[in-house]
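Heads up, the thing below is written out as structure tokens.
The values are calculated or read from the model by the stated rules, or taken from the named source; none is laboratory data. Just so you know, these numbers come straight off a predicted model, no measurement behind them. Don't worry about glycine lacking a Cβ; one is built from the backbone with ideal geometry, like all the others, and counts go over all protein chains shown. These accessible areas exclude ligands, DNA and RNA; they are computed on the full protein's heavy atoms, side chains included. Shrake-Rupley method; radii C 1.70, N 1.55, O 1.52, S 1.80 Å.
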Amino acid sequence: MQKPLMPPAAPPALAERAERVAPFIVMDVMNQAAAIERRGGNVVHMEVGQPSAPTPASIRAAAARALEDGRIGYTQALGTDSLRARIARHYRAAYGVDVAAERVVVTTGSSGGFILAFLACFQPGARVAITAPGYPAYRNILIALGLEPVAIEVGPETRFALTPELIERAHRERPLAGVLTMSPANPTGVVMSPEAIADVAGACRRLGLWYISDEIYHGLTYEAPATTALSADPDAIIVNSFSKYYCMTGWRVGWLVVPERMVRTIERLQQNFSISVPYLSQVAGEAAFDATEECEAIKAGYAENRAFLLKALPEIGLGDFLPVDGAFYIYLDIGRYSNDSMAFCRSVLEEAQVAITPGLDFDEGRGARTVRLSFAGSLAECEEAVSRIGGWLKKR
Ligand SMILES: Cc1ncc(COP(=O)(O)O)c(C=O)c1O
């Protein structure tokens, strides 16, 4: 046998910044629910943040025609010309804002859009302000890219929105490079008013920060429509997706609107990362803008669920939440019952067979006394969940 040239070294270490990325707690809840179902249990699912309705038929038909045609190749890295033009037209129709198609970048869901936008905007180590509570992937993507998330606590007093004062305070502590907001928000369902968005955009301009606006839940509002940050600042970076309003989570297609000077940089990144977004998904995305009737019918179902829950939850002793303006979430304060939302959700799942998500996914500090309920399912499921949780609370 040949003698090794060198003694074996210790196995290489995994990258520290990748190891710091936390798991999604909601995925663990889904696994526990699946285990109960395998044992024959019947779980009501209010944990998942995706529409239970199938993708509208007209969207699937457009993709099926393209599939039949068979010419499924790479596209331009920034997306097909026709989809980019269609998205640009959507901004005029939906918001009265002019966006040049050249500024639109098609991405693999908004998740892919965040990676491109963060890499294009920020130097290694840059500090980026996000909200707590907030969507957990922001924090985790920033960490994985060697950036520093700065979680700013927000609460009902600002309707869970960042304000210029909060941004300025964080910037004074140590300079920020950017601010990321979302409206409607996950997990709170709160919509930022046009004034609140203009205030954040103004603060970013004054301080020389990038402003990134996650608008993935646009279209899903129950009172006033949501405002795009582009109406406050034409240079804001918009992140959006077909996942939620259009019921297309599995198609993995979304888009960015970026300032003209950033387009070429993003194009180079996309060329190298993924070459292009899957062609069939881009065809489906284009058809989505003509599926308004089906999408509105699905949204009417959420509105019914919302109206039921806003009335029924307080009746079973769960009334501590802000009215949901948009998305399909209710973010409940359960402090009356528990200071351990993980244990609370585990008990609700095991004893009442309703899956809900602990707030710790969204707020590492205060999330121990909050939970998120998703009402993206049917009214019958919402009714069953309330009846089970109500009965369970009474017996405790
Ligand atoms: C606020 C928010 N942004 C972004 C995403 C990512 O969605 P996608 O990558 O499917 O577009 C989600 C998904 O739940 C979300 O809640």
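Brief remarks follow.
- Being assigned to a helix (DSSP H, G or I) and buried (at least 24 other Cβ atoms within 10 Å of the Cβ) holds for only one residue in Ala385, Ala368, and it is Ala385.
- Only one of Pro323, Pro278 that is within 16 Å of the ligand (Cβ to nearest atom), open to solvent by 10 Å² or more (accessible area, probe 1.4 Å) and more than 26 Å from Ala33 (Cβ to Cβ): Pro278
- Residues of the stretch 194-224 that turn out to be at pLDDT below 95 and either open to solvent by less than 10 Å² (accessible area, probe 1.4 Å) or among the small types (Gly, Ala, Ser) (or both), as a count: 1
- Within the stretch 68-80, the set of residues being in contact (Cβ under 8 Å) with a residue 24 or more places away in the chain and open to solvent by less than 100 Å² (accessible area, probe 1.4 Å) comprises Ile72, Gly73, Thr75, Gln76, Ala77, Leu78, Gly79, Thr80.
- The residues listed here are Gly319, Gly359, Gly326; of these, the one that is free of Cβ contacts under 8 Å to residues at least 12 places away in the same chain, closer than 30 Å to Thr227 by Cβ and not assigned by TED's automatic domain parsing to the domain that holds Pro187 is Gly319.
- Among the residues of the stretch 189-234, those identified as of a type in the set (Gly, Ala, Ser) and within 16 Å of the ligand (Cβ to nearest atom) are Gly189, Ser213, Gly219, Ala226, Ala229.
- So Thr107, is it within 30 Å of Cys247 (Cβ to Cβ), open to solvent by 20 Å² or more (accessible area, probe 1.4 Å), within 14 Å of the ligand (Cβ to nearest atom) and in contact (Cβ under 8 Å) with a residue 40 or more places away in the chain: no
- Residue match in the stretch 128-136 (condition: outside any helix (DSSP H, G or I), in contact (Cβ under 8 Å) with a residue 60 or more places away in the chain and open to solvent by 40 Å² or more (accessible area, probe 1.4 Å)): yes
- Candidates Phe362, Phe375, Phe344: the one that is surrounded by 16 or more Cβ atoms within 10 Å (Cβ to Cβ) and away from the ligand (no atom under 16 Å from the Cβ) is Phe344.
- Restricting attention to the stretch 45-85, the residues that are touching a strand residue (DSSP E or B) at 6+ places or on another chain (Cβ under 9 Å), part of a helix (DSSP H, G or I) and among the charged types (D, E, K, R) total 1.
- Residue in the stretch 281-292 that is in contact (Cβ under 8 Å) with a residue 12 or more places away in the chain, part of a loop (DSSP other than H, G, I, E, B) and within 14 Å of the ligand (Cβ to nearest atom) present: no
- Being more than 16 Å from the ligand (Cβ to nearest atom) and either assigned to a loop (DSSP other than H, G, I, E, B) or surrounded by 20 or more Cβ atoms within 10 Å (Cβ to Cβ) (or both) is a property that holds for Gly125.
- A search for C-beta distances below 8 Å between a residue of the stretch 242-269 that is more than 25 Å from Pro184 (Cβ to Cβ) and any residue that is among the acidic types (Asp, Glu), counting only pairs 6+ apart in sequence or on different chains, returns Glu260/Glu102; Val263/Glu102.
- Which numbered condition Pro234 misses (of (1) buried (at least 23 other Cβ atoms within 10 Å of the Cβ); (2) not in a strand (DSSP E or B)): (1)
- Residues within the stretch 111-122 that are away from the ligand (no atom under 12 Å from the Cβ) and open to solvent by 10 Å² or more (accessible area, probe 1.4 Å), tallied: 4
- For the stretch 32-43, the count of residues that are open to solvent by less than 40 Å² (accessible area, probe 1.4 Å), modelled with pLDDT under 95 and either within 16 Å of the ligand (Cβ to nearest atom) or assigned to a loop (DSSP other than H, G, I, E, B) (or both) is at least one.
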